[in-house]
Amino acid sequence: MLELARKADSVELKLTVPAADHRAVIAGLGLDPLEAQIRQVFFFDTPDLRLNAAGVVVRARRIQGRPGDTVVKLRPVDPDTLPAELRLSPAVGVEVDAMPGGYVCSASLKGKANAAEVRAVAEGSAPLRSIFTKEQRGFLSAHAPDGLKLKDLSTLGPIFVLKQNFTPSDFGRRLTAELWFYPDGSRILELSTKCSAGDAFQVSAEARLYLTEKGVSLNGRQETKTKAALTYFSKQLVAAAG
């Protein structure tokens, strides 16, 4: 993982907190929901998740109090295989996500979209291509299954999210907490922190020690927010079509 991380722009260390521990962890870390930022997350894929099967994620977010954003993400990816001109783009980020039991490297091509534009797309009153840049559309075309276009994608979402960045006084490093609320009542609480490849091992060890002291279990089943969202909404789309 460290060898791969050295080729990336950053490393994000992530941990999914078991559902039974959510209340205790939120209290133990001193998180205040009134300080959290509200987000709506939308994914776009076919009902049978053909993009996801090809390692491509297409997403848009509405964010409280600031412009929203869009992303076309490819994972897993070897940074050495990415075209040089793509790596030089200011809109591209290559990151290694590491969590207990695994890691993955992704390349993300980002764009901006305001809340009204994303809402119009989600409601079907504006075409999906309207919120993605020409560069993003080209990136998607290069990696999507043959013949699959943006107009062929369905909206999967939204997911309601609370996000809070905080720096514990007894840790000294910024952490991020994201609580994702799924329509079936399930929730995923993820804790994360970003660092450079050179610091990844030390930061991981320090974070593990800090969270353990706060009573956070490091042995729970790890879930990815995106996979859970795609799986849930895919089932809904298939059921509606059938």
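Okay, residues lined up against (1) under 23 Å from L156 (Cα atoms); (2) at pLDDT 95 or above:
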| residue | (1), (2) |
| --- | --- |
| L51 | yes, yes |
| V56 | yes, yes |
| P67 | yes, no |
| V72 | yes, yes |
| C105 | no, yes |
ask   = In segment 116-145, how many are assigned to a loop (DSSP other than H, G, I, E, B) and among the small types (G, A, S)?
value = 4
inquiry  = Against the condition modelled with pLDDT of 95 or more and either surrounded by fewer than 16 Cβ atoms within 10 Å (Cβ to Cβ) or not in a strand (DSSP E or B) (or both), how does L148 come out, does it pass?
reply    = yes
remark   = Checked against (1) of a type in the set (A, V, I, L, M, F, W, C); (2) surrounded by fewer than 13 Cβ atoms within 10 Å (Cβ to Cβ); (3) closer than 14 Å to G68 by Cβ, A120 satisfies every condition except (2)
ask   = Among F181, F171, which is the only one that is among the aromatic types (F, W, Y), without any contact (Cβ under 8 Å) to a residue 40 or more places away in the chain and within 30 Å of K235 (Cβ to Cβ)?
value = F181
ask   = Does T133 meet the test of being among the hydroxyl-bearing types (S, T, Y) and over 14 Å from F43 (Cα atoms)?
value = yes
request  = Go through (1) under 16 Å from R50 (Cα atoms); (2) touching a Gly at 6+ places or on another chain (Cβ under 6 Å) one by one and return the number of the condition A144 breaks.
outcome  = (2)
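Here is a yes/no grid of residues against (1) more than 24 Å from M1 (Cα to Cα); (2) hydrophobic (A, V, I, L, M, F, W, C):
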residue: D69; (1), (2): yes, no
residue: L74; (1), (2): no, yes
residue: L82; (1), (2): no, yes
residue: L86; (1), (2): no, yes
residue: G102; (1), (2): no, no
residue: L109; (1), (2): no, yes
residue: S130; (1), (2): yes, no
residue: T133; (1), (2): yes, no
Matching residues in segment 25-42 - criterion: being acidic (D, E) and under 21 Å from the mean Cα position of the chain (by Cα) = E35
Top-ranked residue of segment 60-93 - restricted to ones that are in contact (Cβ under 8 Å) with a residue 40 or more places away in the chain and touching a Ser or Thr at 6+ places or on another chain (Cβ under 7 Å), ranked as surrounded by the most Cβ atoms within 10 Å (Cβ to Cβ) = A60
query = Of these, A200, A228, A207, which one is within 20 Å of T16 (Cβ to Cβ), without any contact (Cβ under 8 Å) to a residue 60 or more places away in the chain, touching a strand residue (DSSP E or B) at 6+ places or on another chain (Cβ under 9 Å) and not hydroxyl-bearing (S, T, Y)?
reply = A228
query = Could you say which residue among R187, R173 is surrounded by fewer than 18 Cβ atoms within 10 Å (Cβ to Cβ), closer than 21 Å to R62 by Cβ and charged (D, E, K, R)?
reply = R187
task = Select, from L34, L51, L88, the only residue that is more than 20 Å from S192 (Cβ to Cβ) and touching a strand residue (DSSP E or B) at 6+ places or on another chain (Cβ under 7 Å).
result = L51
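The values are calculated or read from the model by the stated rules, or taken from the named source; none is laboratory data. All of these numbers come straight from a predicted model, not from anything done at the bench. Every residue, glycine among them, receives a Cβ derived from its backbone with ideal geometry; neighbour counts consider all protein chains shown.
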